[in-house]
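Only one structure is covered here, and it is reproduced in the block below.
The values are calculated or read from the model by the stated rules, or taken from the named source; none is laboratory data. Please read these numbers as outputs of a predicted model, since none were measured by experiment. Cβ sites come from the backbone with ideal geometry, for glycine too, and all protein chains shown count toward neighbours.
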C-alpha cells in the first residue's frame, strides 16, 4: 500500500514522460521480423514491454541493451525459432494478442500464457479469425482463454469486419495477413490507433487504407530501420490532468507523441475549456510535440462515438477530471473498457466513489457530476496500472490522504511515476 497526501499542491516545471508503450511493443516485433539490426531509442522499460522482449528472445532473437538503446538482431519471419519454453506475456494484452498474429503463420508449435489478469481476458476475438485463416489454436474455453496452444502454418487471406474497434485485434490480423498467400482486407467500425500501419511503412513494407478499409498483402519482407519512440500521451494524460485540477499549476511536457489517432485526450481537455496547448516539434511519421497546461475552471462535456478509440486508455483519468468540472459529464460507447486489465467501468466508478465522487456506471460508460470535493480514503488499483495512477493523481485534491493498495502495478507502463509526481509537485518556486 502507498499513502499519498498533498496540501494545496500545484504542478510546476518541465517533464519528459516515458516512451510510448504501443510503439515500444511494435518496435521489438518489427525489429525481430526484419532483416538486419534495428536500434530503438526512447524505449519504455516497463514490465509489459519487457515481456515482449522476453518472448522474442525465446524465439531466438538476440536483443541487447547498450547506452539506453535497444539493439534487435532481426531474423525475418522465417528465422524465428520454435521456443522450448512457454511464451509468458505477463500483464500485457498487447504482447499476447499481437504475438498470436505472428505465431499463427509460423511453422511450429508454441504456448502463450500470462498473469492472472490475462487469464481472464477474452482472446477469441483474435483466435477465432486466426483460425479462419488456417491457424490451429486451442486453449481454455475453446481457445478463448490462456494458456493458448498455437500450431502455426500456411495462412489464407480473408476479408474480415472487426466486431469492435480494437487496435490490438486489427494489428494481430495485419501481422497474420503479412504472412498469408494473398491480400487480406480488414474493415474497422471506427479508426483506431495506427502504429502498426506506420511501422510497416517505416520498415519498408506496404499497406493501404481507404476510409475504414485496410488492405495488406502477404509474403512481405522487412529491412531493419532505427526507431525513436516518442513520449506516451497516455502517460502524459495523468500529468495534464494533475495540472488542470490543481490551482496555480504550470506544466510543460516535452517530446510527447501526438499521433492523431491518440490525441482524443487533447480534444476533450479543450472541450472542457482547459488551458492546454500543443506545439508540434517534428513532421515524422510518428509526430512529436510539446504540451503545456495551466490550471483553469473546467466545464462538463459528452464523450462518445468515434472519439472513444482515440482515448480509450485515458478514460480513467478523464473520469477524475470530470469530477472537478462544472456540470454533468457523460462517457458512452466505451464497452471496450470492460475487457481491459480490469472491468474499467466498474473499477473507475467504485474506486472514485470511495473518495467521494458523484459518479455512476452505465452499460457502456459512466456519468459524472461535478465539481465535487473529494475526501480521500482507501482505494485499490485492482492490479490495473491506469487505475493506480488515477488514484494517485486524485490524492492531489483530496482533503485527507489516499491509501492506494497494489501500487506496484504502475510499473507496467510508468516505472518512474511516483518519482515524477513528486518532482512536479515539489518544484522550487521563485
Q: Assess whether residue 330 counts as being surrounded by fewer than 19 Cβ atoms within 10 Å (Cβ to Cβ) and either within 19 Å of residue 388 (Cα to Cα) or at pLDDT 95 or above (or both).
A: yes
Q. Of all residues in region 183-192, how many are surrounded by fewer than 23 Cβ atoms within 10 Å (Cβ to Cβ) and either not assigned by TED's automatic domain parsing to the domain that holds residue 100 or not in a strand (DSSP E or B) (or both)?
A. 4
Q.
So if I check each of 352, 320, 374, which one is more than 24 Å from the chain's Cα centre (by Cα) and surrounded by 18 or more Cβ atoms within 10 Å (Cβ to Cβ)?
A. 374
Q. For region 289-302, how many residues are without any contact (Cβ under 8 Å) to a residue 40 or more places away in the chain and under 20 Å from residue 258 (Cα atoms)?
A. 2
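Looking at this structure, is residue 353 outside any helix (DSSP H, G or I) and either over 21 Å from residue 237 (Cβ atoms) or in contact with a strand residue (DSSP E or B) (Cβ under 9 Å, 6 or more places away or on another chain) (or both)? Explain how you work it out, then say what you get.
Details: outside any helix (DSSP H, G or I): no; either over 21 Å from residue 237 (Cβ atoms) or in contact with a strand residue (DSSP E or B) (Cβ under 9 Å, 6 or more places away or on another chain) (or both): yes.
Spelling it out, it is not the case that residue 353 is outside any helix (DSSP H, G or I) and either over 21 Å from residue 237 (Cβ atoms) or in contact with a strand residue (DSSP E or B) (Cβ under 9 Å, 6 or more places away or on another chain) (or both).
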Q: Spot the failing condition for residue 321; the list is (1) outside any loop (DSSP other than H, G, I, E, B); (2) modelled with pLDDT under 95, and only one is missed.
A: (2)
Q. Tell me, which residue of region 143-182 that is more than 24 Å from the chain's Cα centre (by Cα) and under 30 Å from residue 305 (Cβ atoms) is surrounded by the most Cβ atoms within 10 Å (Cβ to Cβ)?
A. 158
Q) Can you tell me which residues in region 117-139 are in contact (Cβ under 8 Å) with a residue 12 or more places away in the chain, surrounded by fewer than 21 Cβ atoms within 10 Å (Cβ to Cβ) and farther than 21 Å from residue 174 by Cβ? A) 117, 119, 120, 139
Q. Only one residue in 203, 222, 238 is buried (at least 16 other Cβ atoms within 10 Å of the Cβ) and assigned by TED's automatic domain parsing to the domain that holds residue 179, so which one is that?
A. 203
Q.
Which numbered condition in (1) under 20 Å from the mean Cα position of the chain (by Cα); (2) within 14 Å of residue 318 (Cα to Cα) is the only one that residue 364 fails?
A. (2)
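Closer than 25 Å to residue 315 by Cβ and over 23 Å from the mean Cα position of the chain (by Cα) - does that describe any residue in region 200-213? Write out each step before concluding.
Here is the first cut: in region 200-213, the residues closer than 25 Å to residue 315 by Cβ are 212.
Imposing the further condition that a residue be over 23 Å from the mean Cα position of the chain (by Cα) reduces the set to none.
No; the residues of region 200-213 include none that is closer than 25 Å to residue 315 by Cβ and over 23 Å from the mean Cα position of the chain (by Cα).
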Q | Selection count where residues are part of a helix (DSSP H, G or I) and out of contact with any strand residue (DSSP E or B) (no Cβ under 9 Å at 6 or more places or on another chain), scope region 324-350 | A | 4
Q | Whichever residue in region 249-262 is in contact with a strand residue (DSSP E or B) (Cβ under 8 Å, 6 or more places away or on another chain) and more than 30 Å from residue 63 (Cβ to Cβ) and, among such residues, is surrounded by the fewest Cβ atoms within 10 Å (Cβ to Cβ) | A | 250
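Kindly state which strands (runs of 3 or more DSSP E) lie completely within region 205-301 and contain at least 3 residues that are within 22 Å of residue 27 (Cα to Cα) and modelled with pLDDT of 95 or more. Outline the logic, then answer.
On the way: elements: 208-210, 213-217, 250-257, 275-280, 288-294.
Hits in region 205-301: 213-217, 250-257.
Tell me the helices (runs of 4 or more DSSP H) entirely within region 32-106 that contain at least 2 residues that are without any contact (Cβ under 8 Å) to a residue 40 or more places away in the chain and under 25 Å from residue 342 (Cα atoms). Lay out the reasoning, then the answer.
Details: elements: 47-57, 76-79, 93-103.
Helices (runs of 4 or more DSSP H) meeting the threshold: 47-57.
Does residue 379 satisfy the criteria of being within 20 Å of residue 238 (Cβ to Cβ), assigned by TED's automatic domain parsing to the domain that holds residue 275 and free of Cβ contacts under 8 Å to residues at least 40 places away in the same chain?
Working: within 20 Å of residue 238 (Cβ to Cβ): yes; assigned by TED's automatic domain parsing to the domain that holds residue 275: yes; free of Cβ contacts under 8 Å to residues at least 40 places away in the same chain: yes.
Considered against the rule, which asks whether it is within 20 Å of residue 238 (Cβ to Cβ), assigned by TED's automatic domain parsing to the domain that holds residue 275 and free of Cβ contacts under 8 Å to residues at least 40 places away in the same chain, residue 379 comes out as yes.
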